[in-house]
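The values are calculated or read from the model by the stated rules, or taken from the named source; none is laboratory data. In this text the structure is predicted, and so the values were computed from the model without any measurement. Here the Cβ positions follow ideal geometry from the backbone for every residue, glycine too, while neighbour counts run over all protein chains shown.
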Amino acid sequence: MELAAEIAAYRDGRGDPGRLVGEFRRALLLAPLADGPDGGLVSAVSGGIRWLYAFTDEEALARFAEARGESGREWPYLAILGARLVDAVVPQVDGPAGVAVNVADEDESMLFPPVAGIVPDARAVDIVDIVDGVAPDSRGAVA
């Protein structure tokens, strides 16, 4: 099953969390590139989490552009596997980060938060390492 269909099934109560995450990791996603001198991927911060935007196809990206009132410009993007996005890109982000898939689509949108089983354990906000009785700060360094 493709990721968009797996998301729809999960949102409809027929999905399986493990199957959903597996499909996300196998999916080729389109991550729009940010304009400006800093570059990088288009993202937003909400609730203290940086959400990287990713889309299952060009049509989903076009709906996002339209929802932002920016459908009249080109949207360059990086085609990347979901696994590579969370395993290689998320660890490079300063602070907690997750992936927001198809955010402009009511039935095919899904957040993949920075928790164990989705992002690397070192970046998961639900895992607390204790070193000599001291928890790490948000960068993973022991305070």
Please specify each residue of segment 23-58 satisfying the condition of being farther than 23 Å from PRO91 by Cα and either without any contact (Cβ under 8 Å) to a residue 24 or more places away in the chain or not in a helix (DSSP H, G or I) (or both).
ASP57
Out of PRO114, PRO91, report the one residue that is surrounded by fewer than 19 Cβ atoms within 10 Å (Cβ to Cβ) and either of a type outside the set (D, E, K, R) or under 14 Å from the mean Cα position of the chain (by Cα) (or both).
PRO91
Scanning segment 110-123 residue by residue, those outside any helix (DSSP H, G or I) and either over 27 Å from ASP12 (Cβ atoms) or of a type in the set (S, T, N, Q) (or both) turn out to be PRO120
In the list LEU61, LEU78, LEU20, which residue meets the criterion of being assigned to a strand (DSSP E or B) and either among the aliphatic types (A, V, I, L, M) or at pLDDT below 95 (or both)?
LEU78
I need the full set of residues from segment 81-105 which are part of a helix (DSSP H, G or I), among the β-branched types (Val, Ile, Thr) and within 20 Å of ILE7 (Cα to Cα), in order please.
VAL86
Residues in segment 1-17 that are of a type in the set (A, V, I, L, M) and either assigned to a loop (DSSP other than H, G, I, E, B) or in contact with a His (Cβ under 7 Å, 6 or more places away or on another chain) (or both) total 1
